[in-house]
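> Please find one structure pasted underneath; my questions will follow.
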Amino acid sequence: MQPFLIALQFLTCLPVRLRGMPEPQQVGRSLLYYPLVGLLLGAILSLLGMLLGNTASPLVAALLLAAWVWLTGALHLDGLADSADAWVGGFGDRERTLAIMKDPCSGPVAVAVLVLLLLLKFVALWRLLEQGNPLVLLVVPLLGRGAVLGLFLTTPYVRPSGLGQALAEHMPRSNVRLVLALIVLAVMLMGANGWIALAIAAAVGLLVRRSLIQRLGGTTGDTAGALLEL
């Protein structure tokens, strides 16, 4: 239960209280529960969408997006912003890129990327609501957090003492593979839309991982958050 609570506390703003300081092994095992947290977030958003079913679609989309950002504490948006600034300002240099990611300030590139991403999410939510299928929201947070599992499983973690170090060092690799297989199977059962979603998620994941390997030689917590958002 403790690893799940660790994942829930880290990935959401839901009120969670842990029983003492978690052990590194528990932090590593918490990675297994990231997709479950994604399903929980998706369930909350789907329920909210259904409760607001008679409201104008643009307003519901805006409210769902606001709830989505609040529930996650903008954690991964912050990672995307830091990564965007670093990728442009790093000029291809590994150490400069890593240094910029540690800077808490956001430049114009980060702001532009966040605005564009939130705009795309808003329009996608609007279209989804018009199609009358808010349950698809269950899959989106699931795939995003599943992508993080795949990234940590296949990519070295390059920032010593970073937030993701315990995850990378102590995650149960065989169990992570099993969870990823279950995610793939579950999404495939959705039919054609599931296959398309998996194909897009896999393509984005491979492209992002390739870029990370070329620039950094691995991943960081910020770039993992950026992948999740993308």
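> Provide the net charge surrounding A166, with neighbours chosen by a C-beta distance below 13 Å and charges set as Lys +1, Arg +1, Asp -1, Glu -1.
Surrounding charge for A166 is 0.
> Still on this structure, I have one more. Evaluate the relative contact order of the range 89-230 (contact order divided by residue number), counting alpha-carbon pairs under 8 angstrom at least 6 apart; express in whole percent.
Values: 93 pairs, mean separation 45.4, N = 142.
It rounds to 32 percent for the range 89-230.
> What residues qualify as long-range amide H neighbours of Y157, i.e. H under 5 Å apart, gap of 5 or more or another chain, H built at 1.01 Å from N?
Excluding prolines and chain starts, which carry no amide H, the hits are T219.
> Moving to a separate point now. Can you show me the helix-derived [θ] at 222 nm for the chain, built from DSSP H runs with n ≥ 4 at -39,500 (n - 2.57) apiece and divided by the number of residues, rounded to the nearest 500.
Details: 12 runs with 169 residues, N = 230.
Dividing the helical sum by the residues of the chain leaves -23500 deg cm²/dmol.
> I'd like the Kirkwood hydrodynamic radius of the chain, using the inverse of the mean 1/r over distinct C-alpha pairs, in Å.
Numbers: mean 1/r = 0.0548 Å⁻¹.
Across the chain, the inverse of the average 1/r is 18.2 Å.
> Starting from the Cα coordinates of the range 138-212, work out the convex hull volume and express it per residue in Å³.
83 Å³
> Solvent-accessible area per residue for the range 47-97 at a 1.4 Å probe radius, Å²?
Spelled out: the 1.4 Å probe surface of the range 47-97, per residue, equals 49 Å².
> Evaluate the relative contact order of the range 1-43 (contact order divided by residue number), counting alpha-carbon pairs under 8 angstrom at least 6 apart; express in whole percent.
48 percent
> Out of residues 5 or more away from E23 or on other chains, whose amide H comes under 5 Å of its own, with H placed 1.01 Å from N in the peptide plane?
Here nothing satisfies the definition.
> Same structure, new question: How high is the relative contact order of the range 60-128, in percent, counting Cα pairs under 8 Å that sit 6 or more residues apart?
Relative contact order, the range 60-128: 40 percent.
> Okay, next question. Efficiency by 1/(1 + (r/R0)^6): what FRET value for I200 and E130, r their Cβ-Cβ distance, R0 = 22 Å, to the nearest 0.05?
So, using R0 = 22 Å, E works out to roughly 0.60.
> Something else: Give, in nm to one decimal, the length gained when the segment between D93 and L59 is fully stretched (0.36 nm per residue of separation minus the Cα-Cα distance).
Result: 7.9 nm gained on full extension.
> Can I ask one more? Charges only on Cβ, +1 for Lys and Arg, -1 for Asp and Glu: so what's the dipole of the range 101-230 about the Cα centre, in debye to the nearest 20?
It works out to roughly 240 debye.
> Shifting gears a bit: What is the Å³ per residue value for the convex hull set by the Cα atoms of the range 103-177?
Once divided by residue count, the hull of the range 103-177 is 125 Å³.
> Once whole DSSP H runs in the chain are found, which of them have Cα atoms spread over 24 Å or more along the helix axis and a mean Kyte-Doolittle score of at least -0.5?
34-51, 108-130, 192-215
> Percent of accessible area on the chain owned by carbon and sulfur, 1.4 Å probe?
Of all accessible area on the chain, carbon and sulfur atoms account for 69 percent.
> Could you order L32, L64 so the one with the most accessible surface comes first? Probe is 1.4 Å.
Sorted by accessible area, descending: L32, L64.
> Let me know the shape class of the range 1-132, please: from the alpha-carbon gyration tensor, a ≥ b ≥ c as square roots of the eigenvalues, rounded when a/c is under 1.5, otherwise prolate if a/b is greater than b/c, or oblate. Don't jump to the answer; show the numbers that get you there.
On the way: a/c = 2.76, a/b = 1.12, b/c = 2.46.
Since a/c reaches 1.5 but b/c is at least a/b, the shape of the range 1-132 is classed as oblate.
> Between beta-carbons, use under 12 Å as the cut-off and find the net charge around G107, counting Lys and Arg +1, Asp and Glu -1.
-3
> Positive end of the dipole of the chain, charges at C-beta (+1 Lys, Arg; -1 Asp, Glu), about the Cα centre: which of L40, L63, L77 has its Cα farthest in that direction?
L40
> What's the magnitude of the charge dipole for the chain around its Cα centre, counting Lys and Arg as +1 and Asp and Glu as -1 at the beta-carbon? Answer in Debye, nearest 20.
On the way: 15 positive and 11 negative charges, 88 e Å.
The dipole magnitude comes to about 420 debye.
The values are calculated or read from the model by the stated rules, or taken from the named source; none is laboratory data. This structure is a prediction, so every number in the text was calculated from the model and none was measured. All Cβ positions, glycine included, derive from the backbone under ideal geometry; neighbour counts span all protein chains shown. To get the accessible areas, we keep the full protein, side chains included, count just its heavy atoms, and leave off ligands, DNA and RNA. Shrake-Rupley method; radii C 1.70, N 1.55, O 1.52, S 1.80 Å.
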